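Here is the structure we will look at.
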Amino acid sequence: MTFQFSRHGLTGRDQLLQRAWEIMPGAASWTILLGMAGLALWQPLAAAIIMIAFYLYWLLRIFYMTLFLVLAYLRLALEKGTAWMSRVEDVDQAAAGSPGPMTQAAPCTLGRRLSSKIHQRILAAVRASPTRPPSSSTIFHVVVISVAKEGRVILEPGIRSLAAQTFPTTRLLVVLALEARAPAAAQADVHALRGAFRSRFWDLLVVVHPDGVPGEARVKGANVTHAAKAAAAWLTDRQIPLEQVVISCFDADTVVGPDYLACLTYHFLTCPDRTQASFQPIPVYHNNIWDAPGFARVLDIGSSFFQLIEATDPTRLVTFSSHSMSFKALVEVGYWPVDMISDDSAIFWKALVHFDGRYRVVPMYTTLSMDVTNAGSWWRTAVNVYRQKRRWAWGVENFPLVMRAFWSRSPIPWSQRLRHTLKLLEGHVAWATWPLLLAVIGWCPALFAGREFSSTVLYYSAPRVTGLVFHLASLSLITTIVLSLCLLPRRPARHPILQRLGHALEWLIVPLVAVIFSALPALDAQTRLALGRYMEFWVTDKTRRRSPFPSRLVAAPATR
Amino acid sequence: MLIRVRQWVFYLFVGLYLLLCPWTMLYALGYLVTPDPPGFVKTGLISLSTVPAGATVFLEHRRYTHVTPTILRDLVPGEYTVRLIIPGHAPWDRTVRVEAEKATILERVLLLPDEPVVEEILSLATETSPFHGARVRAVLAAGETPAVLLQVETDEGERALWAQLGGLEARVADLTALFAQRPLRVEWDPRAPRDLFAFRDGTLSRLDTAAFAIDPFPDRLLGFGVSQRRLYVLREDGHCVRLDREGRAAEPMGWFLLPDDGLQSGRGPGTRVTVLSGDTMLALSPQGELWVNQPPYTLAAGGVRGMVADPARERVLIWQRDRVGVVAMAQHVPTVTWAPYEGRHLTQAFWVYDGSHLLLHDGDALVLLEWDTAGAPRARTLRRVGSKHDVVYAEATGKYYYVDRTARRLLAVTLLDNAP
């Protein structure tokens, strides 16, 4: 379907529809919040009944999410230590029709056996597929790293991690997408990094994105699109077919494990519709996790958990933050939007609409690491975290575009459209309202109870029900705390065990953190969209005390 | 496979929600499933709390598992006899009606000790007392303050003694020097007991008990009141003004619609002013007229002997000779609710236990009357305290104080265990 995935340049009916859909999420959120508050004042009995129904729904929902969080975490743990390049070789053999033995040694642990079993099923599907995947030796990778103002301290660990890949770096093109408005020091660092690491890759390009290009906003999407186009031209000059190229879009602080590209290659090869798919790893924020304030740490771990849960439902998974996709698909859909802040999720919707619903995101049970927001002081970090979460919540800008595309004679099956619509709307509205309902508005009926309400059975039963719900919910919280401790990287020597215990106790501030740094930013973003006050891109401050990786990560030998 | 698992789990949770949600709502609303006949019955509950806590609960002569404070749930509508027993205290019972989906509230039930502890706070009979041989003529108190002003008669004449209550013994100070003449009325702010305000013949004076200084106010007044460290004076023209403790910084506070004949009829001097809320004030004349500084202006045309404000609930306790009632000021038109109690000679009344009970000085008896309670309020006679002297009740200590028959001892009796 041909659809202009932008709110700019609209006229007439499209413009009206765009505004109407922009208003809808904010209106829904405010209606729920103000409606419940008003109902608590005017009809506390009815409000209390509705809140009980909501608490029960919320409890079952978090049990549901916790269950899949555990399953996803177990899957992630299963794949930890997997030699992905060996599996890629197995895929090559399977594609060649060879039923030969796997290159890996027989698994000994239950986890390894399960992982192997999953791998065998995938290989069986590859063998049974009428169209065989290409050989891994014909697969190329392009990694675009956007640089707005970050310096060497932030960029170098990521580039080093790419240089240390098990996937042959002779087929890895790294593109540093540098904004022309970046500070001179940052620009100097970028060029210095190019000089230092160019020989480690197929090539390392620095593509400068000019400032003030007509039709573009000052957004990351414009920068990486410009770089991707340069990369496409570079590949075309070398007669590399784009359907054999996987492009990854990374933030400046993204650091990957040595097997990341091998894992990506594996998923690319084993995906039947590889040229109509994105590939989403699990983002973690371990680069500087021990240096950030507790509330920032809790929030970002929560984000990782959310992505883990989302990974268990690939039919509704949407790309987020650093992600990968077929370069052919990227070109076909017209690259990342150049006028939207949420380019990471927008590219999925854009592709979904373009391919009439025949586009999906493949979850990869491997992690890539980024920075927790840390601006030096507690207060500045709090402000920056708020702004960052608001920018994430600005993903609601996709809603009106997706709605216009979906409900304008789209060939996408209506069930798929409905599913995505409900998830998109419910997700954003819940983001903005649930913490406030739970922490604030839920208590209003009891607080504002007049004599009429305070002499009812419900007035005395509601606290009992609420107490039971929260007690049960604490089971989910305990599970989350345990998983967060399992997911956290090994602590540096200067952080004693007591401090780790303190990190576990940080989760007790979730109710407060959820309201201030999750619900309020989401409500802020939705309100801005509803009022037509579109946001400009603001780059999050990230600082590190030192490199997140120990010196044992030695760069791979030069490949030239 | 995980997708299929997720789908099945999703449907399971949806089914669980569809099952649990209505069941939870019905439970919260008080519905109970009855096996025979099969169906639902709407239930009510009884909420119980007592002072002291920990009373054993008997419901229809069957002992309940929990002690107070507790809630008796899942009660089919009807009448129930509730009995509360705690060792060392008189049992308390009440027949209440439970209605469907309603809570019958029996909270702040006062369980009275079988043998109330009587403490001697002050004795003028002790030979070592500097006021040995004196007799108490009058007892004056102010609101909830645990302090009293005693006017005692000695061989040398009248003396004014200031007694700070609250401990095992009262601390006594002689303030006679501040009282050249016996005042018609003395009041003070419980939170600022350093300053006493004495009123006599239309003249108000501030008595500084620390500096032993008398500071008369220049204007003639109809009456005054003290509230929240501020002084409220009623001028002869019916206007009320708020002053600081030195009598300065006058702020107009509205006016009272006094009868046209004003002072000529003998009304006026000695009018008691009390503040209910920021804007609402009441005035009680010596003739028993009760006025308010907003419509309808006159709450009672006469016969009211006293009033005690309950600012937290915007109501005023008033009493006449044979009845006591509460004026609800929060309503659009203030209304008086009279208690089903027939008194003989009511002279004093107090709010007790957060306004849930009334303590009445009726003739020579002290009577405790339940107020905010379900069922018919019950009156219990606590003690014979005589009618010559006023009784003092202090919510802060949970005790009432009275002068014994010899007029030489000030005694204290605990009414509230664990005073709030």
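The table that follows gives values for the structure above.
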{"item": "Residue list for segment A:8-54, filter: open to solvent by 30 Å² or more (accessible area, probe 1.4 Å) and closer than 12 Å to A:R404 by Cα", "result": "A:R13, A:D14, A:Q15, A:L16, A:L17, A:R19, A:A20, A:W21"}
{"item": "Which listed residue is of a type in the set (V, I, T) and at the interface with chain B (Cβ under 10 Å from one of its Cβ atoms), from A:I49, A:I62", "result": "A:I49"}
{"item": "Selection count where residues are within 14 Å of chain A (Cβ to nearest Cβ) and either more than 22 Å from B:D114 (Cβ to Cβ) or over 31 Å from the mean Cα position of the chain (by Cα) (or both), scope segment B:43-68", "result": "6"}
{"item": "Residue that is farthest from A:R181 (Cα to Cα), among those in segment A:223-242 that are among the β-branched types (V, I, T) and open to solvent by 20 Å² or more (accessible area, probe 1.4 Å)", "result": "A:I240"}
{"item": "First in segment A:292-320 and under 19 Å from A:F517 (Cβ atoms), second anywhere and among the polar types (S, T, N, Q) and not in a loop (DSSP other than H, G, I, E, B), Cβ under 6 Å, 6 or more apart", "result": "A:A292/A:N374; A:P293/A:T381; A:A296/A:T381; A:I301/A:S484"}
{"item": "Matching residues in segment B:297-306 - criterion: being among the aliphatic types (A, V, I, L, M) and not in a strand (DSSP E or B)", "result": "B:A301, B:V304"}
{"item": "Residue in segment B:61-74 that is loosely packed, with under 12 Cβ neighbours inside 10 Å, in contact with a strand residue (DSSP E or B) (Cβ under 9 Å, 6 or more places away or on another chain), at pLDDT 90 or above and more than 17 Å from A:L468 (Cβ to Cβ) present", "result": "yes"}
{"item": "Filtered residues of segment B:75-84 (kept if crowded, with 16+ Cβ neighbours inside 10 Å and either under 23 Å from B:R380 (Cα atoms) or away from chain A (no Cβ under 14 Å) (or both))", "result": "B:Y80, B:V82, B:R83, B:L84"}
{"item": "Index of the failed condition, A:F5 passing every other in (1) more than 30 Å from A:P133 (Cα to Cα); (2) open to solvent by less than 40 Å² (accessible area, probe 1.4 Å); (3) in a helix (DSSP H, G or I)", "result": "(3)"}
{"item": "Test: residue in segment A:421-438 that is touching a Lys or Arg at 6+ places or on another chain (Cβ under 7 Å) and either at negative phi or small (G, A, S) (or both)", "result": "yes"}
{"item": "Pairs where the first residue, in segment A:245-264, is open to solvent by less than 10 Å² (accessible area, probe 1.4 Å) and the second is basic (K, R) and outside any strand (DSSP E or B), C-beta under 7 Å, 6+ apart", "result": "none"}
{"item": "Matching residues in segment A:450-461 - criterion: being open to solvent by 20 Å² or more (accessible area, probe 1.4 Å), facing chain B (nearest Cβ under 7 Å) and in contact (Cβ under 8 Å) with a residue 40 or more places away in the chain", "result": "A:Y459"}
{"item": "Near pairs, Cβ below 9 angstrom, 6+ apart or cross-chain, from segment B:5-16 (more than 7 Å from chain A (Cβ to nearest Cβ)) to any residue that is open to solvent by 50 Å² or more (accessible area, probe 1.4 Å)", "result": "B:V5/A:L71"}
{"item": "Entirely in segment B:43-116, the strands (runs of 3 or more DSSP E) that have 1 or more residues that are among the β-branched types (V, I, T) and closer than 23 Å to A:L45 by Cβ", "result": "B:44-51, B:70-75, B:92-98, B:103-110"}
{"item": "Positions within segment A:290-321 being β-branched (V, I, T), over 14 Å from A:T480 (Cα atoms) and within 14 Å of chain B (Cβ to nearest Cβ), in sequence order", "result": "A:T312, A:T315"}
{"item": "Which listed residue is modelled with pLDDT under 90 and more than 20 Å from A:Y459 (Cα to Cα), from B:P37, B:P91, B:P87", "result": "B:P37"}
{"item": "Of the criteria (1) free of Cβ contacts under 8 Å to residues at least 60 places away in the same chain; (2) surrounded by 22 or more Cβ atoms within 10 Å (Cβ to Cβ); (3) not aromatic (F, W, Y), which one A:D203 fails", "result": "(2)"}
{"item": "Whichever residue in segment A:213-241 is of a type outside the set (G, A, S) and touching a strand residue (DSSP E or B) at 6+ places or on another chain (Cβ under 8 Å) and, among such residues, is nearest to A:H286 (Cα to Cα)", "result": "A:K220"}
{"item": "Flag if B:R380 is open to solvent by 10 Å² or more (accessible area, probe 1.4 Å) and at pLDDT 85 or above", "result": "yes"}
{"item": "Residues being of a type in the set (G, A, S), part of a loop (DSSP other than H, G, I, E, B) and within 25 Å of A:A375 (Cβ to Cβ) - total across segment A:124-178", "result": "2"}
{"item": "Residue match in segment A:139-159 (condition: within 29 Å of A:T265 (Cβ to Cβ), among the hydrophobic types (A, V, I, L, M, F, W, C), in contact with a Gly (Cβ under 7 Å, 6 or more places away or on another chain) and in contact (Cβ under 8 Å) with a residue 12 or more places away in the chain)", "result": "yes"}
{"item": "Qualifying residue in segment B:92-99 (condition: within 14 Å of chain A (Cβ to nearest Cβ) and open to solvent by 20 Å² or more (accessible area, probe 1.4 Å))", "result": "yes"}
{"item": "Check on A:R61, under 26 Å from the mean Cα position of the chain (by Cα), open to solvent by 40 Å² or more (accessible area, probe 1.4 Å) and in contact (Cβ under 8 Å) with a residue 40 or more places away in the chain", "result": "no"}
{"item": "Only listed residue being hydroxyl-bearing (S, T, Y), away from chain B (no Cβ under 14 Å) and either in a loop (DSSP other than H, G, I, E, B) or in contact (Cβ under 8 Å) with a residue 60 or more places away in the chain (or both), chosen from A:T31, A:T82", "result": "A:T82"}
{"item": "Residues of segment B:275-294 satisfying the condition of being touching a residue at least 12 places away in the same chain (Cβ under 8 Å) and open to solvent by 30 Å² or more (accessible area, probe 1.4 Å)", "result": "B:S277, B:D279, B:P286, B:Q287, B:Q294"}
{"item": "Residue match in segment A:423-444 (condition: open to solvent by 50 Å² or more (accessible area, probe 1.4 Å), within 13 Å of another protein chain (Cβ to nearest Cβ) and part of a helix (DSSP H, G or I))", "result": "yes"}
{"item": "Qualifying residue in segment A:179-190 (condition: modelled with pLDDT of 95 or more and part of a strand (DSSP E or B))", "result": "no"}
{"item": "A:R409, sole failed condition from (1) open to solvent by 10 Å² or more (accessible area, probe 1.4 Å); (2) of a type outside the set (S, T, N, Q); (3) within 14 Å of chain B (Cβ to nearest Cβ)", "result": "(3)"}
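Yes or no, residue by residue, for (1) modelled with pLDDT under 95; (2) assigned to a strand (DSSP E or B); (3) farther than 26 Å from A:A351 by Cβ:
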position: A:A227; (1), (2), (3): no, no, no
position: A:I247; (1), (2), (3): no, yes, no
position: A:Q280; (1), (2), (3): no, yes, no
position: A:F295; (1), (2), (3): yes, no, yes
position: A:D300; (1), (2), (3): yes, no, yes
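The values are calculated or read from the model by the stated rules, or taken from the named source; none is laboratory data. Everything numeric in this text was worked out from a predicted model, so none of it was measured. For neighbour counting, all protein chains shown are included, and Cβ atoms are generated from backbone atoms with ideal geometry for every residue, glycine included. Please note that ligands, DNA and RNA were not included when accessible areas were found on the heavy atoms of the full protein model with its side chains. Shrake-Rupley method; radii C 1.70, N 1.55, O 1.52, S 1.80 Å.
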